[in-house]
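Participant: Let me give you the structure first, and then I'll get to my questions.
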Amino acid sequence: MDLKTVKFLLTSTFIIIVVALIMGSFTNNQLLIYIMLGFFAIFALVYLFGWKCPKCKKHLGKLVARRCKHCGHTLDV
């Protein structure tokens with residue numbers, strides 16, 4: 001999976017988690033809690049196993065630059 005796809009998945013699951021959290025705070029619906037936990041699990045798995053440098057395969061961590069901090073490879077994000 002390329003980094004653009006991973007970034008899109010991380011952003012969209014984060015937005016769904018925040019929306020479910022906000023909606024869950026106004027209602028007493030436990031289904032929203034389970035939806036939020038499920039999307040959080042998806043977010044965590046994508047972050048842990050997908051957010052890696054395509055060249056050296058090391059985890060990127062908090063990416064603020066356009067280069068891998070381990071090998072210096074230019075990233076297309």
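The values are calculated or read from the model by the stated rules, or taken from the named source; none is laboratory data. From a predicted model like this one, the values you see are computed outputs, not experimental measurements. All Cβ positions, even for glycine, are placed from backbone atoms using ideal geometry, and neighbour counts span all protein chains on display. Protein only, heavy atoms only, side chains kept; ligands, DNA and RNA dropped before computing areas. Shrake-Rupley method; radii C 1.70, N 1.55, O 1.52, S 1.80 Å.
Participant: Which number in (1) at pLDDT below 85; (2) open to solvent by 100 Å² or more (accessible area, probe 1.4 Å); (3) not β-branched (Val, Ile, Thr) marks the one condition that GLY61 misses?
Facilitator: So the condition that GLY61 fails would be (2).
Participant: Could you check how many residues of region 64-77 are in a loop (DSSP other than H, G, I, E, B) and open to solvent by less than 90 Å² (accessible area, probe 1.4 Å)?
Facilitator: Of the residues in region 64-77, 7 are in a loop (DSSP other than H, G, I, E, B) and open to solvent by less than 90 Å² (accessible area, probe 1.4 Å).
Participant: Could you tell me whether VAL46 is closer than 14 Å to LEU3 by Cα and in a helix (DSSP H, G or I)?
Facilitator: yes
Participant: Quick one: in region 11-56, of everything that is within 17 Å of CYS68 (Cβ to Cβ) and in contact (Cβ under 8 Å) with a residue 24 or more places away in the chain, which residue is surrounded by the most Cβ atoms within 10 Å (Cβ to Cβ)?
Facilitator: In this case the residue turns out to be TRP51.
Per-residue answers, yes or no, for (1) closer than 26 Å to VAL19 by Cβ; (2) among the hydrophobic types (A, V, I, L, M, F, W, C):
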residue: ILE33; (1), (2): yes, yes
residue: PHE40; (1), (2): yes, yes
residue: PHE43; (1), (2): yes, yes
residue: LEU48; (1), (2): yes, yes
residue: CYS53; (1), (2): no, yes
residue: CYS56; (1), (2): no, yes
residue: HIS59; (1), (2): no, no
residue: LYS69; (1), (2): no, no
residue: HIS73; (1), (2): no, no
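Participant: If you don't mind, another one. Quick one: would you say LEU3 is touching an Asp or Glu at 6+ places or on another chain (Cβ under 8 Å), open to solvent by less than 100 Å² (accessible area, probe 1.4 Å) and among the hydrophobic types (A, V, I, L, M, F, W, C)?
Facilitator: Criteria met by LEU3.
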